[in-house]
Amino acid sequence: MKAIKTLGLLVSLTIAGIGAMAQDIVVIKPGDFLRGTIKGTDYSTVIFSKEDESVVQFKATDIQEFVWNGETYVSKPVVVNKKTQYKFFKIIEHGAIYLYSRGGNALVDAPEPKKTRIIPSIGIGAGTGSFGSGVGIGGGITILGGRRQEPAAKKMMPATFFMEKPGTGRLMEMPVEGAGSVEKNQQIKKVLLEQLGDDADLAERIKATENFDSKLIIAFVTAYNEAHK
């Protein structure tokens with residue numbers, strides 16, 4: 001009984017230790033990584049608070065990947081306006097087919113200012129009138145009560161999925177938001193058939209589907225990866 005109690009205590013302490021050590025990670029290159037807290041990403045850069053509480057910003061060209069709340073985001077090259085750029089993509093599924101996402105449930109956070117700044121409102125008078133809400137006398141400058149500069153609001157990016165067969169070097173885009181439209185459903189179906197169409201059973205199910213959403217796309221990719229391990 002004493003041994004069982006001791007084992008239970010060790011397990012509890014181990015779980016507590018793992019919870020205390022759980023942190024976000026930025027991987028610069030294999031074997032070179034930083035632990036800290038991810039503050040946010042716009043998929044081109046990531047804002048990272050180090051263990052010493054200093055805040056840095058990494059571009060997708062600076063690092064290989066980062067782990068945020070247990071989910072992995074990798075840096076990959078994409079062509080934008082005929083130019084190659086590096087962006088971060090969240091891994092949704094991996095195996096024979098990789099499914100990534102950008103936007104949707106990832107918030108973009110601006111770095112928090114160290115202190116709140118007070119910006120005065122200035123009215124410039126001309127005669128008995130002025131620009132703004134202040135009233136200037138004889139062309140003077142009136143400084144009114146200050147207004148607080150609030151931190152930038154969080155933004156939600158539109159959700160888009162990207163599919164890749166390792167070794168092909170291609171990322172195929174599938175818009176998720178607004179997938180109820182005929183055009184977008186056809187685009188999703190085309191990509192799914194091109195990437196998963198060598199599985200006859202899945203191909204028939206994809207062809208028979210008229211409306212796609214994120215859950216259904218993930219289900220098709222998961223089924224493909226399970227069948228092609």
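Are any of the residues in the range 35-43 outside any loop (DSSP other than H, G, I, E, B), of a type outside the set (Gly, Ala, Ser) and either over 11 Å from the mean Cα position of the chain (by Cα) or surrounded by fewer than 16 Cβ atoms within 10 Å (Cβ to Cβ) (or both)? The answer is yes; a qualifying residue exists.
When the residues of the range 196-215 are narrowed to those that are assigned to a helix (DSSP H, G or I) and modelled with pLDDT under 95, which ends up surrounded by the fewest Cβ atoms within 10 Å (Cβ to Cβ)?
So the residue we want is Lys215.
Annotation: Lys87 fulfils all but one of (1) at pLDDT 90 or above; (2) assigned to a loop (DSSP other than H, G, I, E, B); the unmet one is (2). Of everything listed in (1) surrounded by fewer than 16 Cβ atoms within 10 Å (Cβ to Cβ); (2) modelled with pLDDT of 80 or more, the single unmet condition for Gly169 is (2).
Out of curiosity, is Lys59 of a type outside the set (A, V, I, L, M), open to solvent by less than 30 Å² (accessible area, probe 1.4 Å) and at pLDDT 95 or above?
no
Criterion first (among the β-branched types (Val, Ile, Thr) and open to solvent by 80 Å² or more (accessible area, probe 1.4 Å)) does Val182 satisfy it?
yes
Checked against the criterion of being at pLDDT below 85 and surrounded by 18 or more Cβ atoms within 10 Å (Cβ to Cβ), the candidates Ala22, Ala106 yield just one match: Ala106.
The values are calculated or read from the model by the stated rules, or taken from the named source; none is laboratory data. Given the structure is predicted, the values throughout are model-derived calculations rather than measurements. Backbone-built Cβ (ideal geometry, glycine too); neighbour counts: all protein chains shown. Quick note on the areas: whole protein, heavy atoms, side chains included, nothing else; ligands and nucleic acids left out. Shrake-Rupley method; radii C 1.70, N 1.55, O 1.52, S 1.80 Å.
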